[in-house]
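Notes follow the structure.
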Amino acid sequence: MGLLKPDLYRSFGIGFALGAVLVAMQIGPSFQEQFLPSAHAETVESSAQQR
């Protein structure tokens, strides 16, 4: 019975990957708002008044 078997490394790798995905999902919305501001549509009335 070895202490450091390949299954242990695989389990740590899977846990790390799942943890990274969870962290990215939690941080993701704030990064999206910071780098991609929301679009604002111009109305027909305001564009006609400027001309």
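Just so you know, all these numbers are worked out from the coordinates, no wet-lab data involved. It should be emphasised that the depicted structure is a prediction, and the values quoted were computed from it without experimental measurement. In this analysis, Cβ positions are derived from the backbone assuming ideal geometry, glycine residues included, and neighbour counts consider all displayed protein chains.
Some points to look at:
- Ranked by the mean number of other Cβ atoms within 10 Å per residue, highest first, peptides 15-21, 39-45 order as 15-21, 39-45.
- Gained length - residue 4 relative to residue 26, 0.36 nm times residue gap less alpha-carbon distance: 4.7 nm
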